Amino acid sequence: MIKRGDQVVVISGKDSGKKGKVIEVVQKEERTLVVVEGVNIVVKHKKARNAKQKSTREKRPAAIDISNVMILCKCGKATRIGHKVDEKGNKSRVCTKCGEILDKKFVKVKEKAKEAEEVKEDEKKDEPKKLVRREVKHVAESKIKKPQATGGAKTTHRQIGGA
């Protein structure tokens, strides 16, 4: 299945051979359409709504059927999409010609995992780090003011509040 953001090549129609990025995938009742950058350009006429506005001709890409495009692999060839499940159970899209993974998110996750493994290996090679114990330098003082002792009779909390 082709997704938004994929590089595709048009294989049939008036724009066959053109390459572009998928802007939008539109699901209709019985068919799926794709809007590709720079392919199937149509002119949309915008009429002026009042005397101050001008009428314009806007050029924009229109939708084409998904069967008229093929995904473009990193190897530079138009290819079909295969699916592969890795050992963790993640399903990814794969080029049927060269076996390259087409999912961007999946590729990024794999790259990060490889980098993390390399960092762990580097840490294992280095000497083990010693634990450093921090000492508390400052002890917070209480902001509650304590009653100061006066020279007179001592009063307790019960004497002040009750009879």
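Residues in region 103-114: is at least one free of Cβ contacts under 8 Å to residues at least 12 places away in the same chain and touching a strand residue (DSSP E or B) at 6+ places or on another chain (Cβ under 6 Å)?
Checked against the condition, which is being free of Cβ contacts under 8 Å to residues at least 12 places away in the same chain and touching a strand residue (DSSP E or B) at 6+ places or on another chain (Cβ under 6 Å), region 103-114 yields at least one hit.
If you check N50 against the conditions, is it among the polar types (S, T, N, Q) and within 20 Å of K3 (Cα to Cα)?
Judged against the criteria, N50 is not a match.
Quick check on K97: is it in a loop (DSSP other than H, G, I, E, B) and assigned by TED's automatic domain parsing to the domain that holds A113?
yes
Given the conditions (1) surrounded by 11 or more Cβ atoms within 10 Å (Cβ to Cβ); (2) acidic (D, E); (3) under 21 Å from S12 (Cα atoms), and given that E100 satisfies all but one, which numbered condition is not satisfied?
Of the numbered conditions (1) surrounded by 11 or more Cβ atoms within 10 Å (Cβ to Cβ); (2) acidic (D, E); (3) under 21 Å from S12 (Cα atoms), the odd one out for E100 is (3).
For the list (1) under 27 Å from A113 (Cα atoms); (2) in contact with a Gly (Cβ under 9 Å, 6 or more places away or on another chain), I need the number of the one condition that C75 fails.
That leaves (2) as the condition not met.
Which one of V35, V8, V42 is of a type in the set (A, V, I, L, M, F, W, C) and loosely packed, with under 13 Cβ neighbours inside 10 Å?
V42
The values are calculated or read from the model by the stated rules, or taken from the named source; none is laboratory data. Keep in mind the model is a prediction, meaning the values are calculated, not measured. We place every Cβ from the backbone using ideal geometry, glycine too, and count neighbours over all the protein chains shown.
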